[in-house]
């Protein structure tokens, strides 16, 4: 660490000590909070099931930046490059379409063996794995319905896919010694006016109950369900609404996934955390950035990202909230997108950990809202960046924007040759 960075670190320690915040304690706790990075940023949600296939289900990856991964080896190499530039603990979130199989394997036939290389790789890099059934971009989802489909045979296909996915998720958890969070999201809905909104939800309820009917060890596997306001092609009616899944997670004891882009434009998930956690055992967060609703832009260190981190830290939800990222931008270097978004999520967590929360809480209890506001504002200009730089140095990753040079070199030597 350079002399100037070391001096900044020592000054930061003292500044925070003056408000009774231990920066060493904050860094220790930050090292216990993994962020689950999503694999699909690396290849624009294409997967390896059907190379060249088109996306459906209201999902679009816009842009044509060169060098996207086209096979498992390339994707893992790109992930390793990104991981090397991000400090602290990380996980990887996989979709079912990232299987590795010889020949055609339909989604209701996937097995743990189709992900064994991912497990070996994760073990080598000391990563936990999370999982998602892929209920989109498939001939049997072409009309916009999967688990709520009116056709018994099609609905059964998707039930079997989700059941198979649960076994893969449990395999991840057992092999890697950390539970895999498996999130179920379906794109089911209608483009225009919908007369019968109840029947599809009744079918979805019954299908989900069938999917999770087999009891799996929570040490290995955690079920989560995710709502959405609307999607492209499902603008008028989404079966899996927020109300549907909050009720489902509450009554069935699953985790509830809150995606930052899946609500009305003026809604934020940071405000939902303290309400939902009263009723569900766990929350899964998909941290994203909706520029115009669910546009899945790269996560910034903005007010909402910070508010999400603050809620986790202020309420000490470390063992009940799982932090994942969900964005895919094909208009910029994909590895840089991972690095920017993940580092920003971790920065937000660090800033939250450096907050004098107990002091602020006491001021609030005392009704001294003047001092509360004053201290909240003053702490924004405290030298948290020096603490972040120290954290990067402790984990042997580049400080500041130095990481961008590594991405550029990798782009020149690897991505440009694809």
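The values are calculated or read from the model by the stated rules, or taken from the named source; none is laboratory data. Predicted model only: the values in this text are computed from it and were never measured. Cβ: placed from backbone, ideal geometry, glycine included. Neighbour counts: every protein chain shown.
Descriptive notes on the structure:
- Every residue from segment 216-236 that is surrounded by 15 or more Cβ atoms within 10 Å (Cβ to Cβ) and either closer than 10 Å to residue 180 by Cα or in contact with a strand residue (DSSP E or B) (Cβ under 7 Å, 6 or more places away or on another chain) (or both): 220, 221, 222, 223, 224, 225, 226, 228, 229, 230, 231, 234
- Filter pass, residue 199 being surrounded by 14 or more Cβ atoms within 10 Å (Cβ to Cβ), part of a helix (DSSP H, G or I) and touching a residue at least 24 places away in the same chain (Cβ under 8 Å): no
- Just one residue in the set 349, 373 is closer than 28 Å to residue 13 by Cα, out of contact with any strand residue (DSSP E or B) (no Cβ under 7 Å at 6 or more places or on another chain), touching a residue at least 12 places away in the same chain (Cβ under 8 Å) and in a helix (DSSP H, G or I); that residue is 349.
- Segment 386-395: number of residues that are over 24 Å from the mean Cα position of the chain (by Cα) and either at pLDDT below 95 or surrounded by fewer than 18 Cβ atoms within 10 Å (Cβ to Cβ) (or both): 2
- Going through (1) within 18 Å of the chain's Cα centre (by Cα); (2) farther than 25 Å from residue 407 by Cα; (3) part of a helix (DSSP H, G or I) one by one, residue 29 falls short only on (1).
- The single condition from (1) surrounded by 15 or more Cβ atoms within 10 Å (Cβ to Cβ); (2) under 16 Å from the mean Cα position of the chain (by Cα) that residue 318 fails is (1).
- Number of the condition not met by residue 58 [criteria: (1) under 21 Å from residue 342 (Cα atoms); (2) surrounded by fewer than 21 Cβ atoms within 10 Å (Cβ to Cβ)]: (1)
- Single residue of segment 2-20 satisfying the filter (part of a loop (DSSP other than H, G, I, E, B) and at pLDDT 95 or above) that is farthest from residue 353 (Cα to Cα): 18
- Residue that is farthest from residue 78 (Cα to Cα), among those in segment 121-163 that are in a helix (DSSP H, G or I) and touching a residue at least 60 places away in the same chain (Cβ under 8 Å): 141
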